[in-house]
Amino acid sequence: MPLFCDVALAVPLDMVFTYAIPPGMEPVVGGRVLVPFRQQRLSGIVVELHDRPPQGVTSQISASQIKIKNVIEALDISPVLDEQLLKLGKWIADYYLAPVGEVFRTMLPLSAEFQRSVAYRITDEGRMALHLAGISGSPARSKRTPDEQLIEFRVLDYLDERESVREERLRGATRVAKALLSGMVRKKWIAREDVSAARDAARVVKVAALLAAEEWAEASAPLDPSTSLSAGSRVARPHTKLNDNQRTLIETLAASGGRVPVEALRGLNVPGTTLGTLVRRRLIELVDEPQEFAASGIRLSKLKPRQSPFEFEFSVAQKEALAKIGEAVGSRKFAGLLLHGITGSGKTAVYLACMRQVLDAGQSSILLVPEIGLTPAVAADLHQLFGDEVAILHSGLSAAERAEQWHRIRRGEARVVAGTRSAVFAPVGDLALIIVDEEQDSSYKQEETPRYHARDVAVMRAKMAGAVVVLGSATPSLESYYNAKKNKYALVELPDRVERRPLPEVEIVDMRQEFQETGQEQVISRKLAEEIRERLEKKEQVMVLLNRRGYSPVVLCRACGKTLQCKNCAVSMTHHKRERKMECHYCGHIERIPDKCAHCGSEYVYFVGTGSEKLEELLHGMFPQARIGRLDRDTVRGREDFEHALNALNEGALDMLVGTQMIAKGHDIHGVTLVGVIGADMALGLPDFRAAERTFQLLTQVAGRAGRGQSPGKVVLQTYFQDHYAVQFAARHDFAGFYEKELQFRAWMHYPPYSAIANVLIRSEKLDEALTWSGELGHWFEKTKHEGIRVLGPAAAPITRLKRDYRYHFILKSPSREKMNSLLRAMLAEAASRKIPRTQVIVDVDAVWLM
């Protein structure tokens with residue numbers, strides 16, 4: 001049996017840690033173990049078992065002498081990451097320069113199976129303080145207030161009678177604040193210890209159980225508030241005195257058989273304290289019960305499945321695409337295909353048909369979608385076709401639900417997996433096909449460590465598994481289309497819409513000319529207003545895109561000219577009228593709406609610009625009879641809100657849907673015949689080399705929502721940049737033309753796809769630290785030879801301060817990824833030698849956002 005194991009822990013250190021294996025314990029490579037790390041317990045992944053003594057251990061110096069720590073517990077008897085997924089995780093760590101432990105944590109959605117917990121015990125010093133308090137009436141000399149001293153005495157007294165108490169129990173019993181506990185630890189009156197442990201919480205749910213439920217259910221008379229609990233009664237009876245909120249909870253439980261999950265009771269609009277009160281009065285008890293999951297996790301979707309792709313005749317192009325993909329899958333060798341199909345060409349039908357072929361052959365497939373908002377429709381389609389063979393993975397599920405879905409996949413109960421970027425790590429067996437829908441979408445790039453791109457990881461996983469990867473889009477990224485043109489991927493085209501439906505006509509409205517003719521700034525042009533009115537008269541539906549949420553994006557003082565800035569970020573606060581607040585859309589900081597300028601005290605505060613909330617209000621004013629809905633992050637708080645809006649549009653309950661880019665992709669609403677686009681060209685002014693590409697993609701995608709049914713569609717595109725090539729090519733639905741034009745600029749400036757790119761960000765809450773660190777690394781780059789690599793910077797990031805951090809960055813460009821990777825590793829080593837914290841140096845390989 002090996003003596004040691006190397007464990008990857010989710011800490012920001014580029015290394016693994018060696019632990020001794022106690023006798024009788026049998027950890028496995030790819031399995032989880034619980035280990036001590038500094039003053040806490042962490043779970044990690046075993047990456048190697050061996051007999052090599054750690055560095056510094058010799059035959060004369062034993063492992064025990066240099067205090068090699070033992071593994072506390074082996075959590076798995078079989079690997080949770082198989083050899084292939086371990087290899088993929090190590091590749092991600094190497095390519096994206098991320099700590100391998102943090103990579104493995106991202107790959108495993110099993111946080112619900114590990115409970116972090118802290119316990120406290122009284123020390124000898126604490127017992128002495130308690131003894132002195134008993135003599136003098138208060139704890140030993142303390143700078144605390146009398147109330148705080150009383151709570152300290154209560155904590156010491158409570159712990160003196162017990163060996164060790166978990167924090168949540170201690171705080172509940174003594175009402176002690178965390179800060180006071182920390183102070184007692186510093187005084188060494190109590191000791192804090194990490195008692196984190198594995199648990200089977202992924203399959204357990206907290207349930208509220210009504211005591212004497214049968215008596216409550218049989219009580220038909222109304223509750224008598226004048227009757228109180230009789231002396232000596234252990235359990236309340238139906239005539240116990242209750243207030244309205246308590247009565248609502250009791251009656252809900254009685255009507256549901258006496259047992260309801262606590263989570264479900266939160267929808268009753270009853271204060272959270274009500275349940276606790278009823279528990280203390282012994283009317284209700286809280287118990288843990290095995291959780292019942294919908295077998296595939298998707299049955300809660302209220303979206304109606306669309307027409308099955310097998311109920312209509314495939315076009316010639318669809319049949320050819322299906323044949324090419326099927327042939328590649330049948331070869332059981334790695335192949336990459338780019339499925340370029342215009343909007344409405346039936347790409348989804350091809351995906352589903354391919355997945356059914358794979359399932360019929362006894363193999364597995366993964367379908368990635370860019371946003372949670374697209375999963376309800378996909379989930380409904382998949383469940384209609386494949387039933388309980390489907391599993392869903394995305395961040396909208398609870399930790400317990402994600403863990404249950406993961407276990408279903410691992411057990412082989414689900415061989416079809418759909419989800420957002422993290423679904424690329426699903427532990428499917430015999431993987432044959434990975435499909436990346438809307439492969440160009442920036443949501444596939446994770447903006448926190450590890451900063452992986454799910455599209456590229458999908459390609460690498462397919463390569464390791466000998467599977468086929470299909471990248472699908474109406475507007476492929478320039479990198480993917482370039483690779484297809486260079487024969488790295490096979491290019492499969494769907495040039496026409498299904499049933500030969502025409503692409504929508506696009507009419508450009510020059511808003512500069514609109515201003516000249518009307519003499520005032522217009523949000524909705526006369527042409528768009530006329531087209532909307534015409535569609536409403538015909539009982540047709542309309543979508544209007546404004547990719548900016550909130551009411552007004554800027555609050556400006558007309559006296560001094562200053563704006564209301566977020567205190568944590570170098571960005572303007574956004575006005576949200578309905579919720580009566582100012583909010584930063586980067587860090588979430590909230591302030592009240594100002595009635596005067598914070599800088600000069602002037603009352604002339606002006607709200608500038610238009611967001612989706614204001615647009616909805618304007619449209620209600622212009623078309624008071626229209627039924628208008630809004631879809632953005634302010635109106636969508638959960639999956640149900642999103643599904644409700646889409647269902648309303650599908651069923652004709654809405655005449656018009658206003659929204660941000662959430663409405664632009666993937667939705668197949670046949671009643672929409674007009675799409676209005678407002679301000680979608682704003683991104684052209686951003687200092688980002690991908691600005692034109694993003695604008696073209698957004699305009700093309702949202703235009704594709706029109707005319708997907710029997711009636712032809714039209715798009716009214718309002719712009720201040722009508723001569724820009726991105727706008728012109730989008731209006732003509734000309735992807736090839738845009739690709740050739742944009743490629744010229746990329747070649748001249750050595751940007752992708754001609755060079756790899758990396759963004760190195762230096763950040764600190766202290767401006768002088770950020771400046772010093774970036775300056776030191778800048779000098780190092782100047783002195784270091786890096787042939788074939790361009791280093792730009794250091795320079796202030798376009799958003800100079802974000803979430804309290806000042807930010808400076810370097811941009812690296814090179815045609816050789818290997819050379820750039822080596823230079824970045826050397827830079828990280830230099831930063832470590834200069835004591836620059838690893839968490840303050842962000843390396844983003846293949847960055848898609850340089851702001």
Check the range 682-693 and report whether any residue there is open to solvent by less than 20 Å² (accessible area, probe 1.4 Å), modelled with pLDDT under 85 and of a type in the set (Gly, Ala, Ser). no
Out of curiosity, is residue 508 in contact (Cβ under 8 Å) with a residue 12 or more places away in the chain and in contact with a Ser or Thr (Cβ under 7 Å, 6 or more places away or on another chain)? yes
I need the full set of residues from the range 680-725 which are in a loop (DSSP other than H, G, I, E, B), more than 30 Å from residue 650 (Cβ to Cβ), under 26 Å from the mean Cα position of the chain (by Cα) and hydrophobic (A, V, I, L, M, F, W, C), in order please. 686, 689
Return yes when residue 731 is within 26 Å of the chain's Cα centre (by Cα) and either open to solvent by 20 Å² or more (accessible area, probe 1.4 Å) or closer than 30 Å to residue 750 by Cβ (or both) and no when it is not. no
Residues located in the range 334-376, provided they are surrounded by fewer than 19 Cβ atoms within 10 Å (Cβ to Cβ) and of a type in the set (Phe, Trp, Tyr): 334
Qualifying position, being surrounded by fewer than 20 Cβ atoms within 10 Å (Cβ to Cβ), among the basic types (Lys, Arg) and out of contact with any strand residue (DSSP E or B) (no Cβ under 7 Å at 6 or more places or on another chain), among 813, 819: 819
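Name the single residue, out of those in the range 475-492 being of a type in the set (A, V, I, L, M) and open to solvent by 10 Å² or more (accessible area, probe 1.4 Å), that is nearest to residue 328 (Cα to Cα).
Kept after step one, since they are of a type in the set (A, V, I, L, M), are these residues of the range 475-492: 478, 484, 490-492.
Checking which are open to solvent by 10 Å² or more (accessible area, probe 1.4 Å) leaves us with 490-491.
Numbers: 490: 10, 491: 13 Å.
Result: 490.
Listed here are the residues, each with its yes/no results for (1) buried (at least 17 other Cβ atoms within 10 Å of the Cβ); (2) in a loop (DSSP other than H, G, I, E, B); (3) not aliphatic (A, V, I, L, M).
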{"position": "509", "(1), (2), (3)": "yes, no, no"}
{"position": "527", "(1), (2), (3)": "no, no, yes"}
{"position": "530", "(1), (2), (3)": "no, no, yes"}
{"position": "533", "(1), (2), (3)": "no, no, yes"}
{"position": "543", "(1), (2), (3)": "yes, no, no"}
{"position": "570", "(1), (2), (3)": "no, yes, no"}
{"position": "595", "(1), (2), (3)": "no, yes, yes"}
{"position": "602", "(1), (2), (3)": "no, yes, yes"}
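Every residue in the range 244-264 that is of a type in the set (A, V, I, L, M, F, W, C), under 12 Å from residue 210 (Cβ atoms) and open to solvent by less than 50 Å² (accessible area, probe 1.4 Å), please. Break it down stepwise before answering.
Initial filter on the range 244-264 (of a type in the set (A, V, I, L, M, F, W, C)): 249-250, 253-255, 260, 262, 264.
Still in the running and under 12 Å from residue 210 (Cβ atoms): 249-250, 253-255, 260.
Correct list: 249, 250, 253, 254, 260.
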Name every residue in the range 823-848 that is surrounded by 14 or more Cβ atoms within 10 Å (Cβ to Cβ) and in a loop (DSSP other than H, G, I, E, B), in order of residue number. 836, 846, 847, 848
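Quick one: in the range 609-636, which of the residues that are among the aliphatic types (A, V, I, L, M) and part of a helix (DSSP H, G or I) is most open to solvent (accessible area, probe 1.4 Å)?
622
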Just give me the residues in the range 384-410 being outside any loop (DSSP other than H, G, I, E, B) and either under 20 Å from residue 470 (Cβ atoms) or among the hydrophobic types (A, V, I, L, M, F, W, C) (or both), in sequence order. 385, 386, 389, 390, 391, 392, 393, 399, 400, 403, 406, 409
Going residue by residue through the range 446-469, is there one that turns out to be among the small types (Gly, Ala, Ser) and part of a loop (DSSP other than H, G, I, E, B)? yes
Given the criterion in contact with a strand residue (DSSP E or B) (Cβ under 8 Å, 6 or more places away or on another chain) and among the small types (Gly, Ala, Ser), identify the matching residue among 403, 418. 418
From the residues in the range 761-770 that are hydrophobic (A, V, I, L, M, F, W, C) and either in a helix (DSSP H, G or I) or touching an Asp or Glu at 6+ places or on another chain (Cβ under 8 Å) (or both), which one is surrounded by the most Cβ atoms within 10 Å (Cβ to Cβ)? 770
In the range 603-654, which residues are without any contact (Cβ under 8 Å) to a residue 24 or more places away in the chain, touching a Lys or Arg at 6+ places or on another chain (Cβ under 7 Å) and closer than 24 Å to residue 532 by Cα? none
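Would you say residue 125 is over 30 Å from residue 840 (Cα atoms), in a loop (DSSP other than H, G, I, E, B) and modelled with pLDDT of 80 or more? I'd like the intermediate steps shown before the answer.
On the way: over 30 Å from residue 840 (Cα atoms): yes; in a loop (DSSP other than H, G, I, E, B): no; modelled with pLDDT of 80 or more: yes.
Criteria not met by residue 125.
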Looking only at the range 728-743, decide whether some residue is under 30 Å from residue 512 (Cα atoms), of a type in the set (Asp, Glu) and in contact with a helix residue (DSSP H, G or I) (Cβ under 8 Å, 6 or more places away or on another chain). yes
What about residue 495, is it farther than 30 Å from residue 633 by Cα, in contact with a helix residue (DSSP H, G or I) (Cβ under 7 Å, 6 or more places away or on another chain), touching a residue at least 60 places away in the same chain (Cβ under 8 Å) and open to solvent by 60 Å² or more (accessible area, probe 1.4 Å)? yes
Residue count for the range 1-44, restricted to those that are assigned to a strand (DSSP E or B), under 22 Å from residue 825 (Cβ atoms) and open to solvent by less than 20 Å² (accessible area, probe 1.4 Å): 3
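Residues to consider are 101, 89; find the one that is out of contact with any helix residue (DSSP H, G or I) (no Cβ under 6 Å at 6 or more places or on another chain), in a helix (DSSP H, G or I) and open to solvent by less than 40 Å² (accessible area, probe 1.4 Å).
The match here is 101.
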Residue list for the range 485-507, filter: assigned to a loop (DSSP other than H, G, I, E, B) and not charged (D, E, K, R): 487, 489, 495, 502, 503, 504
Under 9 Å between Cβ atoms, which residue pairs at least 6 apart in sequence (or on different chains) link something in the range 1-17 that is among the charged types (D, E, K, R) with a partner that is assigned to a loop (DSSP other than H, G, I, E, B) and open to solvent by 50 Å² or more (accessible area, probe 1.4 Å)? 6/16
Exactly one of (1) among the basic types (Lys, Arg); (2) under 26 Å from residue 832 (Cα atoms); (3) modelled with pLDDT of 85 or more; (4) assigned to a loop (DSSP other than H, G, I, E, B) is unmet by residue 52. Its number? (2)
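Okay, residues lined up against (1) hydrophobic (A, V, I, L, M, F, W, C); (2) open to solvent by 50 Å² or more (accessible area, probe 1.4 Å); (3) not in a helix (DSSP H, G or I):
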{"residue": "752", "(1), (2), (3)": "no, no, yes"}
{"residue": "759", "(1), (2), (3)": "no, no, yes"}
{"residue": "772", "(1), (2), (3)": "no, yes, no"}
{"residue": "781", "(1), (2), (3)": "yes, no, no"}
{"residue": "794", "(1), (2), (3)": "no, yes, yes"}
{"residue": "797", "(1), (2), (3)": "yes, no, yes"}
If you check 561, 629, 550, 621, which single one turns out to be under 22 Å from the mean Cα position of the chain (by Cα) and not basic (Lys, Arg)? 550
Any chance the range 411-420 includes a residue that's among the basic types (Lys, Arg), more than 18 Å from the chain's Cα centre (by Cα), surrounded by fewer than 24 Cβ atoms within 10 Å (Cβ to Cβ) and outside any loop (DSSP other than H, G, I, E, B)? no
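The values are calculated or read from the model by the stated rules, or taken from the named source; none is laboratory data. Note that the structure is predicted; figures quoted are calculated from it, not measured. Positions of Cβ are backbone-derived with ideal geometry, glycine not excepted, and every protein chain shown enters the neighbour counts. Surface areas here come from the heavy atoms of the whole protein model, side chains and all, with no ligands, DNA or RNA. Shrake-Rupley method; radii C 1.70, N 1.55, O 1.52, S 1.80 Å.
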